[in-house]
Amino acid sequence: MAAGWGLLGVVVTTALLPAPAAAHGLVGRSDLPLPDWLFAWGASIVLIVSFVGLTLGWREVRLEGYRWRALGHGLNAAVTGLAARLGAGAAGVLLLGFVVWTGIDGVDAPDRNFSITFVFVTFWLGLVVLSVLFGDVFRAFNPWRAIAHVVARGFSLAVGRRQTAPLAYPERLGRWPAVVGLVGFVFLELVWGQTGFATSGVTPATLATATVLYSLYTFVAMGLFGIERWIDRGETFSQYFAMFASLSVFEVRDGRLGRRPALAGATTWARPAGSLALVLVAIGATTFDGAQEGVLEGPISSTFQSLTDAGLAPLTALRLTSSLYLAAALAAVAAIFWGGIYGMKIVDGRRRALELGRKFAHAFIPIALAYLVAHYFSLVVYQEQAQFTFLLSDPFGDGSDWFGTAGSGIDYGLIGATAIWYVQFGAIIVGHVLALALGHDRALALWKDPRTAAYSQVWMLATMVFFSVLGLYLLSQANA
Amino acid sequence: MTPVIAHAGHWLPYVIPAAVVLIAVTIATIRERRRQDDDEDSPGGPAAP
């Protein structure tokens, strides 16, 4: 405990020293009352205070072994009844088909084609928010699951008996297929389609092709291992959104909607193999995206130049460069994580690092969420205006005006740069404090002695400070 | 001067809190580990939690 107060004292004292020269200004945020780096110091102080508060006030396990309570029949019937399930499944299938259709038949311009904004913003980012708020909603809307169930039901009716999966899903594979899929999606979005300083963006046609290929792959995997088994382990988007849904207060159990304490679902989420990798890839991908717009812009440019000087074609050089830096970002995030875990191992040398890593993987889900909100908040605010106005009325970009909103545009004045910065800062703070709480609860469950639990968590605190400072630094540089 | 050093004014203020916390955490851990080792080496064995 003394360690926590000591840390607080040192950081506060350091914060009162004269400001370092050349503190980096944030463009468009000249009205910020403090230099941007001071927000990183503030975040560190908040985390230290939170750590002390958790150690003093959270003395017993609260989240592990949580209670789940079913919600009322009326609400359950409305949300999980047959009509709701059929409607959600049909909506998912229609949207999947529409993405492929607009991707193939629509204009090539990514900003005027429904498919690109829908997949990379509404689906990829919007569903994360919905998952945290309402639970695993993607499961209900999952188009591949809906199609597979209809086909399986039809097949069973035709042959007169229920079919079983020909292969048992190897448990040791855990979530690794989903991890590979996530890396693939991130590669498509940030490497194949990145538009940093050369034109190589993902075209709607490329996205449609990728969607069809992924759909085929998913149907084959479901056919081999069973629909629900593949959804529960290998299907990338199901696992990605379920990871964030584990933070939600809502959970469907045996077909019934119920309530649980917030964050508690995360305590059981990370059990299958590959869960840790999924969380770290989620954090690493956002880290890379943030870094390539700011702190890595120079190094990427210089590596790209070296590769083109060596004779590589510009597009190949660009994608190779981005791949290298994406791998470096993933490695950096993993290094920070394992640094914290090995520090924890010093406190209790009897536990293996891999065991500790798996035990604390779930605590990093709020960080993945915080990074996502901080980095993409403004993108969602702006692009969703496009999604629900001109992209909705003119999804193919051919001049249609289905709902009379084709002439609308994006109001970039809807939210100011300063407000965006405060949302980003708030997201980073809240996400890391929640991560500390999850780690603290797990430590109490793991080490019955509160003192050892507290000392193990000083390393979680250090890791959280690293991630929050890194996140704020990347944001400040990306917006500089 | 390398770009990293040239831009130290940008990243150094961010590194300071992380470095301070890392040093404090390392010291706290070493002290706690020593205490645990002392408890185990004492004639009465490890102290009850």
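The values are calculated or read from the model by the stated rules, or taken from the named source; none is laboratory data. Computed from a prediction, not measured in an experiment: that's the story for all the values here. Please note: Cβ atoms are built from the backbone with ideal geometry, for glycine as well, and neighbour counts cover all protein chains shown. These accessible areas exclude ligands, DNA and RNA; they are computed on the full protein's heavy atoms, side chains included. Shrake-Rupley method; radii C 1.70, N 1.55, O 1.52, S 1.80 Å.
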Could we say that A:G106 is at pLDDT 95 or above, touching a Pro at 6+ places or on another chain (Cβ under 8 Å) and either on the phi < 0 side of the Ramachandran plot or open to solvent by 70 Å² or more (accessible area, probe 1.4 Å) (or both) here? yes
Unique residue being open to solvent by 60 Å² or more (accessible area, probe 1.4 Å) and more than 20 Å from the chain's Cα centre (by Cα) when the list is A:A210, A:A152, A:A148, A:A168: A:A168
Lone unmet requirement of (1) under 24 Å from the mean Cα position of the chain (by Cα); (2) at pLDDT 75 or above; (3) open to solvent by 90 Å² or more (accessible area, probe 1.4 Å) for B:P13: (3)
Please specify each residue of segment A:405-414 satisfying the condition of being open to solvent by 60 Å² or more (accessible area, probe 1.4 Å) and over 29 Å from A:A370 (Cα atoms). A:G407
Sole residue being at pLDDT below 90, surrounded by 13 or more Cβ atoms within 10 Å (Cβ to Cβ) and either under 29 Å from A:V433 (Cα atoms) or among the basic types (K, R) (or both), chosen from A:L63, A:L17, A:L32, A:L47: A:L32
Check on A:V99, under 27 Å from A:L330 (Cα atoms), open to solvent by less than 20 Å² (accessible area, probe 1.4 Å), modelled with pLDDT of 95 or more and out of contact with any Gly (no Cβ under 9 Å at 6 or more places or on another chain): no
Checked segment A:415-457 for anything within 12 Å of another protein chain (Cβ to nearest Cβ), crowded, with 21+ Cβ neighbours inside 10 Å and either in contact with an Asp or Glu (Cβ under 7 Å, 6 or more places away or on another chain) or more than 30 Å from B:D39 (Cβ to Cβ) (or both); matches are A:Y455, A:S456
Looking at A:V281, is it open to solvent by less than 10 Å² (accessible area, probe 1.4 Å), outside any loop (DSSP other than H, G, I, E, B) and not acidic (D, E)? no
Could you figure out which of (1) surrounded by fewer than 20 Cβ atoms within 10 Å (Cβ to Cβ); (2) modelled with pLDDT of 95 or more; (3) part of a helix (DSSP H, G or I) isn't true of A:D401? (3)
Residues of segment A:458-480 that turn out to be more than 10 Å from every other protein chain (Cβ to nearest Cβ) and either closer than 16 Å to B:L22 by Cβ or hydroxyl-bearing (S, T, Y) (or both), as a count: 0
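For segment B:19-38, which residues satisfy the criterion of being under 18 Å from A:A43 (Cα atoms) and open to solvent by 10 Å² or more (accessible area, probe 1.4 Å)? Walk me through how you get there before you give the answer.
Of all residues in segment B:19-38, those under 18 Å from A:A43 (Cα atoms) come to B:19-25.
B:A19, B:V20, B:L22, B:I23, B:A24, listed by residue number.
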